Amino acid sequence: MKTFLFSGSNTKGSFSFIFLSLILVIFCFFSYLLSFSTFEEIKVNAVRESLWTAFKPQRFTQNAFFEPLFIPNGFISLNRELFSTSFSNAQIEQNPTGHILSATIPAETLFIPFQEKLTADQEAFWQKLAQYLKANDNSYAYEIDFLAYVDLPAQESYPIFSSLATRRAQTVAEKFKNMGVSTEQIAVGFKRGNANFVTFTLKAIPKGESS
């Protein structure tokens, strides 16, 4: 009968191999789970904004180390709620970082059909939107782009192409101007597309930076 003896070094080597293999399996398992995970950056930004508001140091506000690396969601959140409550059929999209909001709505909810004249039942919407744009913020500037669409054959010339859509865009620009919104905050225009819709794009931009 033969007896096999294993040295201590061989036993230690086997244990190390098993331990490292186990660590590798665990790592692969969590990597697999991570591949199925998604991160809601808008919510992350909201948490970071709350922490900054609560703990920002008063004496080091000019130090780049303490400056927040995100754009606040308050302005965008207010407008998202405004569009969703004012227009039940609005198509609302928000960029991953949360500082740009686009709302596409049927043109007939804002304009009299085939005219550039605004409907009378959306005055509260315009007033609230202008109020948000005029809000005083020392850190951020708020801008809005309004697009009216027109659907014409590709061969149509520019003067024909710019008829109703241009007049509607001018009406919106005049509306904001009469409500005291700075012309620097507004860009209105038109482009080829579905004439039955209009799009508002709202942006929160740190002051001192170009859009």
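Computed from label points 7 Å out along Cα-Cβ, the spacing between Asp151 and Phe114 is 1.6 nm. Per-residue Karplus couplings for region 77-84, computed as 6.51 cos²θ - 1.76 cosθ + 1.60 with θ equal to phi - 60°, are listed in order as 4, 4, 6, 4, 5, 4, 5, 5 Hz, Gly and Pro entered as x.
Between Ala124 and Lys177, what is the label-to-label distance in nm when each label sits 7 Å out along the Cα-to-Cβ direction? For Ala124 paired with Lys177, the spin-label model returns 2.9 nm. Amide H contacts of Ala195 (H built 1.01 Å from N, in plane; Pro and chain starts excluded): Asp151 sit under 5 Å, all sequence-distant by 5 or more or on other chains.
With a threshold of 23 Å on the Cα-Cα distance, the over-threshold entries among Lys134/Lys207; Lys175/Lys207; Lys128/Lys203; Lys117/Lys207; Lys117/Lys203 are Lys175/Lys207; Lys117/Lys207; Lys117/Lys203. In terms of accessible area, using a 1.4 Å probe and ignoring ligands and nucleic acids, Val198, Val188 rank largest first as Val188, Val198.
The values are calculated or read from the model by the stated rules, or taken from the named source; none is laboratory data. No experiment lies behind these values; they were computed from the predicted model shown. Counting neighbours? That spans all protein chains shown, and the Cβs are built from the backbone with ideal geometry, glycine included. We work out accessible area using only protein heavy atoms, side chains counted, and drop any ligands, DNA or RNA first. Shrake-Rupley method; radii C 1.70, N 1.55, O 1.52, S 1.80 Å.
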